[in-house]
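Notes for the one structure printed next.
The values are calculated or read from the model by the stated rules, or taken from the named source; none is laboratory data. As the structure is a prediction and not an experimental result, all values here were calculated from the model. Note: ideal-geometry Cβ built from the backbone for every residue, glycine included; neighbour counts use all protein chains shown. Just the protein is used for accessible areas: all its heavy atoms, side chains included, with ligands, DNA and RNA removed. Shrake-Rupley method; radii C 1.70, N 1.55, O 1.52, S 1.80 Å.
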Amino acid sequence: MRNTFGSLLKIFSLVGFISALFSCDFTPTPPQDFEYEGIGFQLPGNWKTKTEELTPGAAYYIGCEKKGRGADILAISFVKDSVKPETMLDNCLEGLRSQSNFGANSVVTGKLGDYDCISADYSFSVLGTNFYGTARAFNAEGKTVLVIKQSDTEGRLKRNFTIPENSFRVSR
């Protein structure tokens, strides 16, 4: 009787653990609005953000990271000045070149929300884990903006960033 009770307890504990694990990943959370120094967008509710003023009154950083499993990040750097988007994108890619197995596609034109931009897809690995990303740069409303999305799978890179990408806005 005791072994049966212990076995049932283990099974219920395992079922509870699996239920909790899957509920974390698959429970939708409503999007949250985010605004910082004229950059705004929506994020899924299970993301956390961090902001930093890099140069007082001139340069800023927004870091967004999905809570839980996966390695999804959204990084936004911007300056309150008109800099060539090519310069911002080149500096970004140059900073990534030191990573193991770094590779980048050619720069192409595209869109981020309503904004025309230039972009490049890239990949690299760290300690055997592959990372995939897209870096975009553009000018809008007196700012030069660099937006990087990155994930540890190509599927999540395509899927998990649609909310911020579709809602991205720049104001003075």
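Only one of these conditions is not met by MET88: (1) in contact with a strand residue (DSSP E or B) (Cβ under 7 Å, 6 or more places away or on another chain); (2) part of a helix (DSSP H, G or I); (3) farther than 21 Å from PHE168 by Cα; (4) not aromatic (Phe, Trp, Tyr). Which number is it?
(3)
Give GLY133, GLY57, GLY68 a once-over and let me know the one that is on the phi > 0 side of the Ramachandran plot and open to solvent by less than 60 Å² (accessible area, probe 1.4 Å).
Just a single option satisfies the conditions, and that option is GLY57.
If we only count strands (runs of 3 or more DSSP E) wholly inside segment 94-150, which ones have 1 or more residues that are hydroxyl-bearing (Ser, Thr, Tyr) and farther than 23 Å from LYS84 by Cβ?
Ranges flagged: 100-104, 115-126, 129-140.
Just checking, which of SER151, SER106 is open to solvent by less than 30 Å² (accessible area, probe 1.4 Å) and over 19 Å from ILE39 (Cα atoms)?
The conditions single out SER151.
Can you tell me which residues in segment 158-172 are touching a residue at least 24 places away in the same chain (Cβ under 8 Å) and open to solvent by 20 Å² or more (accessible area, probe 1.4 Å)?
ASN160, ILE163, GLU165, ASN166, SER167, ARG169, SER171, ARG172
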